[in-house]
Amino acid sequence: MQETVLGLAGLALVAVSLGFSAVQTREVAKQSRINNGIGSAAALMEINSLSRSWHDRLLENPALRSYFYDGKPSAPQDADRPAVLTLAELLADVLECELQVAALLPDFHFAHSWYQWPAHMLEQSPVLVEVVEQHPEWWPALRSLRKAIREPNNDPVTHPLVGPRTARSRSTSLRLTQMRLPGPRRRTGKDARTAAQADTALVVQSKEELRLTCCAW
């Protein structure tokens, strides 16, 4: 009888341990979601800060806006070409950072749309395209986006590192592999009947042993 009590106590301890582990796992997952949200918000604020800084520089030289928004080319003999090239390189840094950060945030649901502003600027600014084509290794994501715009196919232009939202959802979804629980494998036909008879006999024997133990106690 003492062994039976100890066995029941062990089972109770195992159940409590499993329950505690489940609660702990749930809290860890909750904290992970919170941290991912904080990271996404911080990244969004950082990108907005970089964009605002670049626009502040453009506000200091409003005459240069047409080089970036109106498709005006920058000729080598232009007096303002050094300033235009510098602004174009700074803009390339901002856009590349935006594209790269979007790929680092798996839980940021709008990351797939972060290519739209870089794509617009590549279409409107010849000088931006010029600096990216001169040093594609400096801005690889921006270069890939430029290539997709310049060489259109039947597929729509998407984020070079993230892709469309549906594909992103499939790639980041949790995939569970099949598991076989410990114990005897499932039997069919004659083996199944034999196993069932053996299990029935084992149950009857266990009940009889339990009855004798209780009577003795």
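For the reader, a short list of remarks on this structure follows.
- Cβ crowding within 10 Å, taken as a proxy for footprinting-reagent exposure, orders H112, H159 from fewest neighbours to most as H112, H159.
- D by Stokes-Einstein for region 55-137, Kirkwood Rh over Cα pairs, 20 °C, 1.002 mPa s: 158 µm²/s.
- 13 Å beta-carbon shell around V94, net charge (K/R +1, D/E -1): -4
- Extension gain for E46-S32 works out to 2.9 nm (0.36 nm per residue, less the C-alpha to C-alpha distance).
- Based on the Stokes-Einstein relation at 25 °C and a viscosity of 0.890 mPa s, and on the Kirkwood radius from alpha carbon pairs, region 21-169 is assigned a translational diffusion coefficient of 145 µm²/s.
- Sites listed here are chymotrypsin sites (Phe, Trp or Tyr not before Pro) in region 85-129 whose DSSP assignment is loop and whose Cβ has at most 12 other Cβ atoms within 10 Å: F110.
- As a rough guide to protection, the peptides 9-17, 81-89, 130-138 ranked by mean Cβ packing within 10 Å, highest first, stand as 81-89, 130-138, 9-17.
- Paramagnetic reach from D80 (point 7 Å along Cα→Cβ, amide N under 14 Å) across region 38-67: 57-67
Computed from the coordinates by the stated procedures, all read-outs in this text should not be read as laboratory data. Computed from a predicted structure; not experimentally measured. Every residue, glycine among them, receives a Cβ derived from its backbone with ideal geometry; neighbour counts consider all protein chains shown.
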